[in-house]
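Read through the structure below, which is laid out as structure tokens, and then see the notes.
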Amino acid sequence: MKEAPRYGVVATPQALGEVTRRHRKATGITLETASALGNVGSRFLSEFERGKETAEIGKAMAALTILGLELVVRPRGYANAAADRALQSHEPNRAGSRQS
């Protein structure tokens, strides 16, 4: 059984890679398909999903975009806990878009 992604705050490269991997698998996208959709190799994607700390930021952001994810930067302790809880319970559909 596939584990659902836990969207929200990530504090480590490993956590970012894990949520990315779970999202990719939940949407049914293979490493090879994701690689073909953008200028990011399947080896890079695999290493990124395993939390490689030296992953190039530009390629990491491209990988997120390919998979329909976005990176949000905000002040630590941002007082929008309700939005974070909503993200945590959010499941993508097979096409990778949000369900309401």
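The values are calculated or read from the model by the stated rules, or taken from the named source; none is laboratory data. Bear in mind the structure is a predicted one, so any value in this text is a computation, not a measurement. In this analysis, Cβ positions are derived from the backbone assuming ideal geometry, glycine residues included, and neighbour counts consider all displayed protein chains.
For this structure, a couple of remarks:
- Among the residues of the range 1-14, not one is at pLDDT below 95 and part of a helix (DSSP H, G or I).
- Of the residues making up the range 42-59, just one is touching a Phe, Trp or Tyr at 6+ places or on another chain (Cβ under 6 Å) and crowded, with 18+ Cβ neighbours inside 10 Å, namely Ala55.
- In the range 1-19, the residues that are without any contact (Cβ under 8 Å) to a residue 12 or more places away in the chain reach residues that are of a type in the set (A, V, I, L, M, F, W, C) and surrounded by 14 or more Cβ atoms within 10 Å (Cβ to Cβ) with C-beta atoms within less than 9 angstrom, at least six apart or across chains, in these pairs: Val10/Leu16; Val10/Val19.
- The residue that is surrounded by the most Cβ atoms within 10 Å (Cβ to Cβ), among those in the range 20-41 that are without any contact (Cβ under 8 Å) to a residue 12 or more places away in the chain and of a type outside the set (A, V, I, L, M), is Ser35.
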